[in-house]
Structure formats: structure tokens, C-alpha cells
Amino acid sequence: QVQLVESGGGLVHPGGSLRLSCQTSIYIFTINSLAWYRQAPGMSRELVATIIPGRRPTYVDSVKGRFVISTDSPKNLMHLQMNSLKPEDSAVYYCNARLGEHDYWGQGTQVTVSS
């Protein structure tokens, strides 16, 4: 069983930045992949960014050049640095971990971009 806890969401003005964090309950190097998803009201959950050990991170086109996914293995943390935020980035952001054939999810953290 893997437990994931997100933090770092909040309210920010357009053009601002936030850094989300995801604390995992197991060693990151044992996880096949880590990802951030987001879900806006009335919309389906969207894959935002993925990080797989030994591979280059991938991003949805709408966040390329603005968001950066990273891990802090000694602390078993994953981060999502979000810059130049736009109102359309507003959503609940979820941390995802894949271990074998199992997907694990955090409880989500709200990000609201508004003036």
C-alpha cells in the first residue's frame, strides 16, 4: 500500500507561481512512475506531467515551458513547480504513483488562479 499526500495548493494571481509537493510513504526508487493529474469542475481528469526514473519527464502541451516535475528521492518527495499560471490551470491537482499494476492516488490539492 502506498500513501500519497499532496500539499502546496492555494490561490494565486495570473502570472504567479506555486510549488506542489507529494509525500510518498515508500522509497521513490521503488515506484515505476510518478505523475501529476488535475481535474477542473465538470471536466475529466487530465494528465499534466509524468516522471519515470531514467527517462525525460513528459508534459501535456498546455503546460510545457511553464511547469517542471521533479523528485527529491532522499525525502521521498515529488514536486510540481508551476510558473506563469493561468486561470485555466485552476483545478484540483492529484499525485499519482504506479507500482506494478497498481495505481495510487493522493487526496488532491486545490489550485485556483484568479485576479
remark   = Residue-ordered couplings for the range 40-48, obtained by feeding phi - 60° into the Karplus form 6.51 cos²θ - 1.76 cosθ + 1.60 and rounding to whole Hz (Gly and Pro as x), are 8, x, x, 10, 7, 5, 10, 6, 9
inquiry  = No solvent, one uniform scatterer per C-alpha: report log10 I(q)/I(0) for the range 31-94 via the Debye equation at q = 0.28 1/Å, two decimals.
reply    = -1.35
task = Quote the charge dipole size of the range 69-115 about the Cα centre in Debye, to the nearest 20; the model charges only the Cβ of Lys and Arg (+1) and of Asp and Glu (-1).
result = 120
query = Out of the DSSP beta bridges found with both residues in the chain, what percent are antiparallel (nearest 5)?
reply = 90
request  = Go through PRO14, GLY65, ILE31 and say which Cα lies farthest out towards the positive end of the charge dipole of the chain; charges sit on Cβ, +1 for Lys and Arg, -1 for Asp and Glu.
outcome  = GLY65
query = Can you give me the relative contact order of the chain as a percent, contacts being Cα pairs under 8 Å and 6 or more apart?
reply = 37
request  = Quote the charge dipole size of the chain about the Cα centre in Debye, to the nearest 20; the model charges only the Cβ of Lys and Arg (+1) and of Asp and Glu (-1).
outcome  = 240
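A short reminder: the numbers here are calculations on the coordinates, not readings from a lab. These figures come from a predicted structure and were not determined experimentally. Neighbour counts are summed over all protein chains in view; Cβ atoms, including those assigned to glycine, are modelled from backbone coordinates with ideal geometry.
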